[in-house]
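First up is the structure itself, then whatever we jot down about it.
The values are calculated or read from the model by the stated rules, or taken from the named source; none is laboratory data. Keep in mind the model is a prediction, meaning the values are calculated, not measured. Note that each Cβ is placed from the backbone with ideal geometry, even for glycine, and that neighbours are counted across all protein chains shown.
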Amino acid sequence: MTENWTSVFLSGRLDATDFVVINIGYAETQHHWGNKDISSPFARIYYVQKGEAIFHLPKGDLIARPGFMYLIPNYMPHSYECTAGFGVYYLYVFQRIHRQTDIFDLYEFPHEVPTIDTMGVLLQGFCHRFPQLNLPTHDANAFDSHPSFHDYVQQHMQLELYERMQLHGLIAIVFSFFMKQGKPKAEVTDPRIAKITEYIQQHLNEPISIETLADRACLTNSYLIRSFRNTLGQTPLQYILQKKIQKAQTILLGTDMSVAEVANAVGFHDVSYFIRLFRKNLGFTPQEYRKRLIG
């Protein structure tokens, strides 16, 4: 069978994408506990050792149980509740995007997968190997507090090359379990759509019009909108806004830039309009979002 263009495109992106391990460690709850309205720039992977938790996801609830791994894609809004004694290894992964499209935009990964019995041993070894990437406390209350998000990224990049290779190998092993059951979100037959998403990613600090995108792809406006919607499930303008808001989330969490500076960095010169859009999409103002995640 001839491999479709989506598979070729995705395999290239998986090889080229620069994944960074933000945190890896083990946490255990001391009492019944939970958190609401979480949305962050990094993907979260959990391997449950004991106890039980419930993830409240956009498409329904999911019970987390021992022996399984769980994936929450970057920027996905969710909440969760944990029982007392819930023990879990966590792996937080950030995708440093330069030219390529976010892998979660093009691929639908399962949230839950069975895994090998020795996964706990593997993760435990990496926790001890990289203690600087553990969250400051083993208590599960640290799950959603990332005051040093930018510092963790910089810390990763300052590791020795062989250490980064080891962490990249861990990501490849863990992601392979989700990739085995993953599916393309759409059958991409026109590589011009990928070029458009890459252009958008490179110009998030500018206003981007349909006319500009259509001109660059040598398509009519109507064909571009129709093809884009069939491929990614949304119009180009919806996609542009989503990517701008997501970039704003990353900047808010990783820098001390003012809201006005963040708005300008993602192509909004009207700060009030940016704040309204941010709140409409996430339910919080930029200031509230930063406070929730940084404290």
**Prompt:** Which condition does ILE208 not pass, out of (1) crowded, with 18+ Cβ neighbours inside 10 Å; (2) under 20 Å from the mean Cα position of the chain (by Cα), if it passes all the others?
**Reply:** (2)
**Fill in**
Those residues of the range 108-125 that are part of a helix (DSSP H, G or I) and either among the β-branched types (Val, Ile, Thr) or over 21 Å from the mean Cα position of the chain (by Cα) (or both) come to a total of 6
**Prompt:** Among the strands (runs of 3 or more DSSP E) confined wholly to the range 42-88, which include 2 or more residues that are in contact (Cβ under 8 Å) with a residue 12 or more places away in the chain, crowded, with 22+ Cβ neighbours inside 10 Å and not assigned by TED's automatic domain parsing to the domain that holds PHE278?
**Reply:** 43-50, 68-72, 78-82
**Total residues in the range 162-213, condition part of a helix (DSSP H, G or I), over 25 Å from GLN249 (Cα atoms) and of a type in the set (Ser, Thr, Tyr)** = 3
**Of all residues in the range 241-295 being among the small types (Gly, Ala, Ser), without any contact (Cβ under 8 Å) to a residue 12 or more places away in the chain and part of a helix (DSSP H, G or I), the one that is surrounded by the most Cβ atoms within 10 Å (Cβ to Cβ)** = ALA260
**Fill in**
When GLU198 is run through (1) within 19 Å of GLU108 (Cβ to Cβ); (2) modelled with pLDDT under 90; (3) of a type in the set (D, E, K, R), the failure sits at (1)
**Request:** Check whether at least one residue in the range 134-145 is at pLDDT 80 or above and out of contact with any Pro (no Cβ under 9 Å at 6 or more places or on another chain), and report yes or no.
**Result:** yes
**Item:** Within the range 245-287, tally of residues that are out of contact with any helix residue (DSSP H, G or I) (no Cβ under 8 Å at 6 or more places or on another chain) and within 23 Å of TYR152 (Cα to Cα)
**Value:** 5
